[in-house]
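The values are calculated or read from the model by the stated rules, or taken from the named source; none is laboratory data. Given the structure is predicted, the values throughout are model-derived calculations rather than measurements. Neighbour counts run over all protein chains shown; Cβ positions are idealised from the backbone, glycine included. The area values use the complete protein model at the heavy-atom level, side chains included, leaving out ligands, DNA and RNA. Shrake-Rupley method; radii C 1.70, N 1.55, O 1.52, S 1.80 Å.
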Amino acid sequence: MGQLVRVPANETQRLLAVRSLNAVHSSPTPELATLAELARGVFETPYAAINIIDEDWQRIAGQAGLKIAECSRDMSICTRVVFDDELLVIPDLVEDSELKAAPFVLEDPYFRFYAGAPVRLENGLPVGAFCILDQAPRRFKESEQQSLMRFAQIASALLRLQKTNLLMGIAESGLRTAAMTDPLTRFFNRSALEGIVDGALSAAIAGDRGFGALYLDMDGFKAINDRFGHNVGDEVLCEAAARIRSVIRIDDIVVRMGGDEFAIFVPDLPEGDTLVSLSERLLAAFRAPFIVDGGSIFARLSIGAAAAPQDGATRISLLRNVDAALYKAKAAGRDRVAVFGS
């Protein structure tokens, strides 16, 4: 039989705090499991855990002793601790009107005793409980209650630290991404060649998968800058980026190599004429005029294509060969694709 779920007045803020933990509480963490194991020894109990209570569920952030599965929050005793935001001690569960018929009391693991203390994040918002359970009724002395509260304080500090580390990791990742991003087109810049492309190429070769590369050059772009100015040139580049995005796959990697030159790297390249068909779609997208300030401007593409490992097993060799194919396309009249080696 489930408990009567009481929703506290600050439940909205509390759930925001729970969500802020993000991946921290998505699975048990070693540090919290170690703390639970220490508490199990101190209190000489078969089970100790740090549980997080979200909208619908009790999530286990760390446990020791018996292996207990996660459960809905209306079946969790820790829900009482969180919602009342205070220490809860139940000396004998069979004497509790709501819990005496609970499955974990009447059936394995046959719990009889529970004690739990609130685990809090910033601003004192309770997100979970540090609990211990026993299979026999027991008295819980004042000194033991104080010890459990201290364990909960340590668990709270660990969760806050893990949350901070997670947010710092996200921020660091964002800074790395920003450093590798071209601010105008929002494609990667050349810094991503080593940071991202090398890893994708190595993974493809190690997995015996194809890896394609296209080198794009916008024909006549210098004349656009010279005639209309760099502001118009930037507008054309932004529209060019949008056209490229409309054609490529979500996993393809685009790098602005500089000026009006772009490289597109195609992981997991299927067999066949994939690079050619992708190039033809890009060429078609650039044959439409760019409309700037009511005027039509043309800037078509020349494309070189190459594939690893046959056209280069490293990024340097692959780019050298795809660049050679690009010049072949330009020499043949532009507005076309040339494949290295053909």
Q. Would a scan of the stretch 169-176 turn up a residue that is modelled with pLDDT under 95, assigned to a helix (DSSP H, G or I), within 20 Å of Arg59 (Cα to Cα) and open to solvent by 30 Å² or more (accessible area, probe 1.4 Å)?
A. no
Q: Identify the single condition in (1) hydrophobic (A, V, I, L, M, F, W, C); (2) surrounded by fewer than 20 Cβ atoms within 10 Å (Cβ to Cβ); (3) modelled with pLDDT of 95 or more that Leu282 does not satisfy, given that it satisfies every other one.
A: (2)
Q. Looking at (1) crowded, with 16+ Cβ neighbours inside 10 Å; (2) over 23 Å from Arg243 (Cα atoms); (3) touching a residue at least 60 places away in the same chain (Cβ under 8 Å), which is the one condition that is false for Leu319?
A. (2)
(Q) Being open to solvent by 50 Å² or more (accessible area, probe 1.4 Å), modelled with pLDDT of 85 or more and either small (Gly, Ala, Ser) or touching a Cys at 6+ places or on another chain (Cβ under 9 Å) (or both) is the filter here; which residues of the stretch 187-197 pass it? (A) Ser191
Q) Can you name the residue in the stretch 259-279 that is polar (S, T, N, Q) and surrounded by fewer than 22 Cβ atoms within 10 Å (Cβ to Cβ) and is also nearest to Asp234 (Cα to Cα) among such residues? A) Ser277
Q: Hand me the list of strands (runs of 3 or more DSSP E) wholly inside the stretch 20-125 holding 2 or more residues that are of a type outside the set (S, T, N, Q) and either farther than 30 Å from Asn10 by Cβ or open to solvent by 20 Å² or more (accessible area, probe 1.4 Å) (or both).
A: 57-65, 88-90
Q.
Arg256 - would you say it is charged (D, E, K, R) and open to solvent by 60 Å² or more (accessible area, probe 1.4 Å)?
A. no
Q: May I ask you to list the residues in the stretch 126-138 that are outside any loop (DSSP other than H, G, I, E, B) and open to solvent by 10 Å² or more (accessible area, probe 1.4 Å)?
A: Leu133, Asp134
Q: Starting from the stretch 272-294, take each residue that is under 13 Å from Asp335 (Cα atoms) and without any contact (Cβ under 8 Å) to a residue 12 or more places away in the chain and list its partners that are open to solvent by less than 70 Å² (accessible area, probe 1.4 Å) and part of a helix (DSSP H, G or I), counting only C-beta distances under 7 angstrom and pairs at least six apart or across chains.
A: none
Q: Scan the stretch 198-253 for residues that are open to solvent by less than 50 Å² (accessible area, probe 1.4 Å), among the charged types (D, E, K, R) and either part of a helix (DSSP H, G or I) or under 18 Å from Pro183 (Cα atoms) (or both) and jot them down.
A: Asp198, Arg243
**Q.** Long-range neighbours under 7 Å by Cβ, at least six apart or interchain, first residue more than 12 Å from Asp260 (Cα to Cα) within the stretch 225-248, second open to solvent by 80 Å² or more (accessible area, probe 1.4 Å)
**A.** Val247/Arg281
**Q.** Odd one out for Arg150 among (1) outside any helix (DSSP H, G or I); (2) over 15 Å from Cys78 (Cα atoms); (3) not aromatic (Phe, Trp, Tyr)
**A.** (1)
Q. If we keep just the residues of the stretch 144-168 that are charged (D, E, K, R) and at pLDDT 90 or above, which is least open to solvent (accessible area, probe 1.4 Å)?
A. Glu144
